[in-house]
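Student: Below you'll find the structure I mean.
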Amino acid sequence: MIQVSHISKIYKNDSVETVALSDVSFEIKKGEFVAIMGPSGSGKSTLMHVIGALDLPTTGTYILDKEDVEKLSEDELADIRNRKIGFVFQSYNLLPRTTSLKNVMLPMVYAGIPKEERIKRASDLLKMVSLGDRQNHTSSQLSGGQQQRVAIARSLANNPSIILADEPTGNLASVQGEEIMAIFQDLNEKGHTIIMITHESYIAEYTRRIIHLRDGKIANDNGNHKQRQANHH
């Protein structure tokens, strides 16, 4: 589903070059649940931007769902971001004075889905994240954990191939973080491919595979670690 081949990303600032990613390669198959971990400055945010088609690598290729991202126009990239990738951010990125229902409907507006269907689908998604009774609450009337659940519902609006979550529990207390991770586990069991950026090892433990980045390179990619742990017992 995702093929990252020999990707490097170099930022040039005056005469200074900063290497954010250096010759990174991996594949992620449909239905995987992967954490990308690393300390600050390890390149994980840059990698997130590349996978999310928000930024192009300096060298190397990125194939998403059989499409070479580098060859796409700005419009095609925007379309892929809206249809194929559901984004969940640390800071939720909801519209503040807008109801949960409307926040979840927004990506469907851009995708040209008829209004009746938008309302029904948004309502169903909010019920799925246990917020059926909060559809008409605005973001400012919700707790952080509830706002992040609205954001997860919104990320699923166009039934994307991939959910990309960037430090999704970063602003939450650990109890709320655990609730959010339980939702992601449930989505993964239903077949969603999920890629999560985190620096918290207890959060990464919820996933099935952890890719560790260090200084822009892959330090460790433990494949299916849950499977291996099971075999050790």
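Each value in this text was obtained by applying a stated rule to the coordinates, not by laboratory testing. Owing to the predicted nature of the structure, the values given are computational and were not obtained by experimental measurement. Neighbour counts are summed over all protein chains in view; Cβ atoms, including those assigned to glycine, are modelled from backbone coordinates with ideal geometry.
Student: Too long at a 29 Å Cα-Cα cut-off: which of Lys84/Lys120; Lys30/Lys127; Lys120/Lys190; Lys127/Lys217; Lys71/Lys115?
Tutor: Pairs exceeding 29 Å: Lys127/Lys217; Lys71/Lys115.
Student: Would you list Val69, Val24, Val109 from fewest to most Cβ contacts within 10 Å?
Tutor: The order, fewest Cβ neighbours first, is Val109, Val69, Val24.
Student: HN-Hα J couplings of segment 183-188 from phi, Karplus 6.51/-1.76/1.60, θ = phi - 60°, integer Hz, Gly and Pro as x?
Tutor: Karplus-based 3J(HN,Hα) across segment 183-188 equals 5, 4, 4, 4, 4, 5 Hz.
Student: OK, next. Please report Rg over Rh for segment 14-115, where both radii come from the alpha carbon positions and Rh follows the Kirkwood definition. Spell out each step's value before the answer.
Tutor: Working: Rg = 16.2 Å, Rh = 16.2 Å.
Checking Rg against Rh, the ratio lands at 1.00.
Student: Where a ≥ b ≥ c are the square roots of the eigenvalues of the C-alpha gyration tensor, would you call segment 100-233 rounded, which needs a/c under 1.5, or, failing that, prolate if a/b is larger than b/c, or oblate?
Tutor: Prolate.
Student: While we're looking at this one, here's another question. Given an 8 Å cut-off on Cα distances and at least 6 residues of separation, report the relative contact order of the chain as a percent.
Tutor: 28
Student: Still on this model: I need the phi-derived Karplus couplings for segment 118-124: 6.51 cos²θ - 1.76 cosθ + 1.60, θ = phi - 60°, integer Hz, Gly and Pro marked x.
Tutor: Running phi through 6.51 cos²θ - 1.76 cosθ + 1.60 with θ = phi - 60° gives 4, 5, 5, 5, 4, 5, 4 Hz.
Student: Determine, for each peptide in 125-133, 41-49, 12-20, the mean count of other beta carbons within 10 angstrom over its residues, then list the peptides with the highest first.
Tutor: 41-49, 125-133, 12-20
Student: Only counting other Cβ atoms within 10 Å, I'd like Asp75, Asp55 sorted with the fewest neighbours first.
Tutor: Values: Asp75 8, Asp55 15.
The order, fewest Cβ neighbours first, is Asp75, Asp55.
Student: Using helices alone, what [θ] at 222 nm do you get for the chain, with -39,500 (n - 2.57) per DSSP H run of 4 or more residues, divided over all residues and rounded to the nearest 500?
Tutor: Helices in the chain give a 222 nm mean residue ellipticity of -10500 deg cm²/dmol.
Student: With a sphere of radius 12 Å drawn around the Cβ of Leu95, what net charge do the other residues whose Cβ falls strictly inside it have (Lys, Arg +1; Asp, Glu -1)? Mind dumping the intermediate values first?
Tutor: On the way: positive: Arg97, Lys102, Arg154; negative: none.
Summing Lys and Arg as +1 and Asp and Glu as -1 gives +3.
Student: Counting residues in the chain as N, plug N into 2.2 N^0.38 Å and put the Cα Rg over that result. Walk me through the numbers on the way to the answer.
Tutor: On the way: Rg = 17.9 Å, N = 233, 2.2 N^0.38 = 17.5 Å.
Relative to the rule-of-thumb radius for its length, the chain sits at 1.02.
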